[in-house]
Amino acid sequence: MALTVALAGDTMLGRAVAVRLSRSPSAAALFSEPVRAALAEADLRVLNLECCVSDRGEPWDAPGKLYFFRAPPAAADVLAELGTDCVTLANNHALDFGRDALADTCTLLHRAGIRTVGAGRDARAARRFTVLEAAGLRLAVVGVTDHPADYAAGEHRPGVAYADLRRGVPDWLTGLVGRAARAADAVLLTPHWGPNMTTRPPGRVAAAAPALLAAGATVIAGHSAHVFHGVAERILYDMGDFVDDYAVDPFLRNDLGLLFLLTLDGPEPAQLRPVRLRALPLHLDHCWTRTARGAELSWIRDRFTDACAEFGTEVAEDDGWLVAEWG
C-alpha cells in the first residue's frame, strides 16, 4: 500500500507576491506548469504557509520585528487551485497582522477546502492534528514552531503551537504525536524550527528529531532556514522556500530550492514507512517559481548531494529529479 505526499517549505504569499495575486489570482501566476504538474503527481500536498490570509489587521507590535507578511483573501482559492490539502500555520508570520487576521486565515482556508494545523483560537485548537485521507490510507499532520514565543497560543488566546526546543521536546508535543499515531496510518510532523539562512540543523533541532520519531512521527519535514538542508532517513531537516519575493544571498542561494515528493509504502497500513524521496530542483525568481536548469540545476544537485551525505543518505539523479531510496 503506497501513498505519495508532496511537501513544500516556506510559501510566502505576502508583499510583492500579494500584489501579483491581487492582479492575477491564479496558481499559474506564481508557479510554472512543470511545478504544478509535479504537485499533481502526489496523492496529498502539504506546505508551510508563511503569511496570514486576510484584508484586516495591523502589523504585530513587537520590538525589532522587521517583516510582516499578509496575502489577500484570494490566496486561499489559489492554494486550493494548486491542489493544497493542508497547510501548517505554526510559524513566525501567522500573527503578523494580529489575531483577527489569523482568524480570517483559518476561515478562508477552511472555506477553500484546505485543512490547517499549528494555529488556532486557543492552545487546544493550535495543538490539534488533522487527518488527511487518500489512496485508502490516513495521514495525520502535526504542526509546531519553536519561535516566536509571543505568538504562542494560550488557554484563552489565539496563536500558534509553540514549543521552546532549547528546553527539550515538551511532553504535550510527544503526547500529541503519539495520539496522532494512534489515529492514523502514518504521521507527518512539520516543524518550523531553527534560525534563518543556515545550511544544517542547529543542535536543538538535531536533538529534537529522534525524540519526535520515537514519539510516533513517521516522517519529519521541517522549514524555517529559507535554504534546504540535507535529509536523513525519515527526516527532512529543512525544505527551504517554495515561493517568495526575498533578497538573494549570493553564497547560500536561497533562490534555489526543492519540491519534495515522498512515497510511503508498506505491506499493510500499520507498517507504512518512507521508502523513496524525489526532489524537484527549483529556481525562485521574484514571485515566480519554475524548475531549475543548467548551472542552477548543477548547483542544487551538488549541494543537496553533499548535504545528504553528511547524514548517510545517497542521492541519485533521475530525469531531472534528485532521488533518495530507503527501500
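The values are calculated or read from the model by the stated rules, or taken from the named source; none is laboratory data. Bear in mind the structure is a predicted one, so any value in this text is a computation, not a measurement. Using ideal geometry, Cβ is built from the backbone for each residue, glycine included, and neighbour counts are taken over all protein chains shown. Accessible surface is based on the protein model in full, side chains and every heavy atom, while ligands, DNA and RNA are left aside. Shrake-Rupley method; radii C 1.70, N 1.55, O 1.52, S 1.80 Å.
A count restricted to the range 77-133 and to residues that are closer than 21 Å to Leu30 by Cβ, assigned to a loop (DSSP other than H, G, I, E, B) and among the aliphatic types (A, V, I, L, M) stands at 5.
Working only within the range 105-124, note down all residues that are open to solvent by less than 30 Å² (accessible area, probe 1.4 Å) and under 13 Å from Ala75 (Cβ atoms). Of everything in the range 105-124, those that are open to solvent by less than 30 Å² (accessible area, probe 1.4 Å) and under 13 Å from Ala75 (Cβ atoms) turn out to be Thr105, Leu109, Ala112, Ile114. Among residues of the range 8-36 that are at pLDDT 95 or above, those with a Cβ under 6 angstrom from a residue that is β-branched (Val, Ile, Thr) and open to solvent by 30 Å² or more (accessible area, probe 1.4 Å), sequence gap 6+ or separate chain, pair up as Pro34/Thr291. The strands (runs of 3 or more DSSP E) found entirely in the range 287-327 that carry 1 or more residues being open to solvent by less than 50 Å² (accessible area, probe 1.4 Å) are 288-291, 321-325.
For every residue, the table says whether it meets (1) assigned to a helix (DSSP H, G or I); (2) in contact with a helix residue (DSSP H, G or I) (Cβ under 7 Å, 6 or more places away or on another chain).
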site: Leu3; (1), (2): no, no
site: Asp10; (1), (2): no, no
site: Ala28; (1), (2): yes, no
site: Ala37; (1), (2): yes, no
site: Ala42; (1), (2): no, no
site: Leu47; (1), (2): no, no
site: Asp55; (1), (2): no, no
site: Glu58; (1), (2): no, yes
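For every residue, the table says whether it meets (1) part of a loop (DSSP other than H, G, I, E, B); (2) surrounded by fewer than 17 Cβ atoms within 10 Å (Cβ to Cβ); (3) touching a helix residue (DSSP H, G or I) at 6+ places or on another chain (Cβ under 9 Å).
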| residue | (1), (2), (3) |
| --- | --- |
| Arg166 | no, yes, yes |
| Trp172 | no, yes, yes |
| Leu176 | no, no, yes |
| Leu189 | no, no, yes |
| Pro195 | yes, yes, no |
| Arg200 | yes, yes, yes |
| Ala209 | no, no, no |
| Ala214 | no, yes, yes |
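Of everything listed in (1) touching a residue at least 24 places away in the same chain (Cβ under 8 Å); (2) more than 17 Å from Ala324 (Cβ to Cβ), the single unmet condition for Gly294 is (1).
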